[in-house]
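The values are calculated or read from the model by the stated rules, or taken from the named source; none is laboratory data. Model, not experiment: these values are computed from the prediction. Neighbour counts are summed over all protein chains in view; Cβ atoms, including those assigned to glycine, are modelled from backbone coordinates with ideal geometry. Heavy atoms of the whole protein, side chains included, go into the accessibility calculation; ligands, DNA and RNA do not. Shrake-Rupley method; radii C 1.70, N 1.55, O 1.52, S 1.80 Å.
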Amino acid sequence: MKSKKALLLRYTMHVVSLVSFIFLIANLSYPLGQENLLLQWFSRIDPWLLLSQLRWQQEVPTWGWLPLLTLVSTLLWGRIFCGWLCPFGALLALTDKIGRIVFKKLSLTRNKVLQAIQPIRGYWLLLLLSVFILGSNWVFFLTPFALFGHETVRALQGHLPWMLIGIMIGTLFFSRLWCSVLCPTGVLLSLAARMRLFRYQIAGNCIHCEKCASACSVNTAPVSTSVAMEGCLACGDCQRACPTKAIEWQQRSRHGKNGQLVSNNAVAATKRQESRRQFLQTALVVTIAVALWKKTVWAAEKVLRPPGALPESEFTAVCNRCGRCVQVCPSKALYPMPITDGLANFETPYIIPRRNRCDLCLACQEVCPTGAIKKVSLEKIRMGKAVLDKSRCIAWNEGKLCFICGEQCPVLAISGDEHHRPTVLSDKCVGCGSCENACPIDGEAAIRIFPN
């Protein structure tokens, strides 16, 4: 494929991917339409979603072939997903182009920063995998579909998408640092790309001008090793920048390990010298992972969760904080929990009945990509139980005619006596919060929902 045609195709795919994802998130509303189905399938090309399903659902989903297709394409052509299909990557590619134009004098600094930080990528992946295996889904929150979706929902609801802004500012000054080193999907696919069949490599007369290195946004240009390194996005910028056209897209070279022009003995000697240091570094990473796992898995206290949510400890571990349930909720009953409620709860959805009630539409179950909110029939929903404080109820305490809580209950879980004083039928209550939301007294409601 010609270089200019490839560039045009890549830009087109960037635009389609970015615009489509934002459009699907923005139009995620009740009643659900094709937007949810398309968004679900689009998100499933990320291999981390398959790992999440295997970790917590203990089964291979019917759509498992999609992320496997991503892995197969990576083994063939490298990080095609990151460089061509990822919507978040498309946004960061645009941000990087702007940064290269506005901060042109920082080009050398960009490359030095990337070169200095890239060696931690393997340890970062080990940390992510350790935390993930131990039982925390925080790793999945950092994947492109979850993180970009979460920040898009925040922006749509009028909140500051502070993580998105921070990553974009970092991209302006330090190029594709997020995609190269920090993105869980990018780092995982970089590992698979070590064995890729096709890659950019020097096949002609290289004059060592290093223009390819300056053009590369992830510091993987074929300068010192004659081949693009495993983090290459297959974008072709190095090929277009080469003044002698020495860089070509070719099948993997057979003259050295990973295409590097070094002997196997030299590689082995280097590994032996660094083995002790790597062992200590690995032990440190695992220790940090265990500490982080304890912080991210153990929740502080129970709160009212969406209908069908897993038990609290499982829910905080499986939820990826993508924000889709918050976006789709027609009554706007779901809120992301603040950091003040603890790291385990941070950004997980919960219900504040006094503000808004759950309408029991169950749309949140349909959009949840991880299974943190299971598909449960309305008859089996048990989010919490209503508890009546008769000392605050004006029907019981003041003898006033008030049965608003019973009138608002969608499952008829509140009955009235001959004086229309309410009584909660606990066996029928689903904990939707309609009664607490409707209670007319000021301040704390006379009837409150307590989570199961």
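Things worth noting here:
- Here is the tail figure for segment 79-234: Cα pairs spaced more than 18 Å apart come to 61 percent of all pairs.
- Counting Cα-Cα pairs of segment 1-61 in 5 Å increments starting at 0 gives whole-percent bin shares of 4, 15, 16, 16, 15, 17, 10, 5, 3, 0.
- For segment 77-116 versus segment 331-385, the gap between their alpha-carbon centres in whole angstrom: 37
- For K245, the aspartates and glutamates whose Cα falls under 19 Å of its own Cα, not counting residues fewer than eight places away in the same chain, are E210, D237.
- Note on segment 187-229: the C-alpha convex hull projects to 3.3 nm² when averaged across all orientations.
- When Rg and the Kirkwood Rh are both derived from Cα coordinates, the Rg/Rh ratio for segment 49-109 amounts to 1.20.
- Computed from phi, the 3J(HN,Hα) profile of segment 25-39 under the Karplus parametrisation 6.51, -1.76, 1.60 (θ = phi - 60°) reads 5, 5, 9, 7, 8, 8, x, 5, x, 5, 4, 5, 4, 5, 5 Hz, with x in place of Gly and Pro.
- Here r is the Cβ-Cβ distance between N356 and F173 and R0 is 41 Å; the resulting FRET efficiency, rounded to 0.05, is 0.50.
- Largest first and in whole Å, the equivalent-ellipsoid semi-axes of segment 397-439 read 18, 12, 8, each the square root of five times a Cα gyration tensor eigenvalue.
- A quarter of the convex hull surface defined by the alpha-carbon atoms of segment 2-292 gives 17.1 nm² as the mean projection.
- With at most 16 neighbouring Cβ atoms within 10 Å, loop GluC sites (Glu not before Pro) (DSSP) excluded, longest segment of the chain: 60-209
- Crossing angle, helix 107-117 versus the chain [Cα axis fit, 0-90 degrees, rounded to tens]: 70
- Kirkwood-type radius of segment 308-375, with distances r between different C-alpha atoms, in Å: 12.0
- Helix 144-156 vs. the chain, principal-axis angle (Cα, 0 to 90°, nearest 10): 50
- Between the Cα long axis of helix 65-77 and the first principal axis of the chain there is an angle of about 20°, rounded to the nearest 10.
- For A215, net neighbour charge (Lys/Arg +1, Asp/Glu -1) across residues whose Cβ lies under 13 Å away: +4
- Of the solvent-accessible surface of the chain, computed with a 1.4 Å probe over protein heavy atoms with every protein chain present, carbon and sulfur atoms account for 62 percent.
- Charged-residue dipole, Cβ positions (Lys, Arg, Asp, Glu), segment 312-378 about Cα centre, Debye nearest 20: 220
- Considering only alpha-carbon pairs that sit under 8 angstrom and 6 or more positions apart, the relative contact order computed for segment 312-378 is 35 percent.
- Solvent exposure of segment 312-378 as accessible area per residue, Å², 1.4 Å probe: 34
- Probe 1.4 Å, protein heavy atoms only - accessible area per residue of segment 47-106 in square angstrom: 48
- Other residues lying with their Cβ under 13 Å from the Cβ of L94 contribute a combined charge of +3, Lys and Arg counting +1, Asp and Glu -1.
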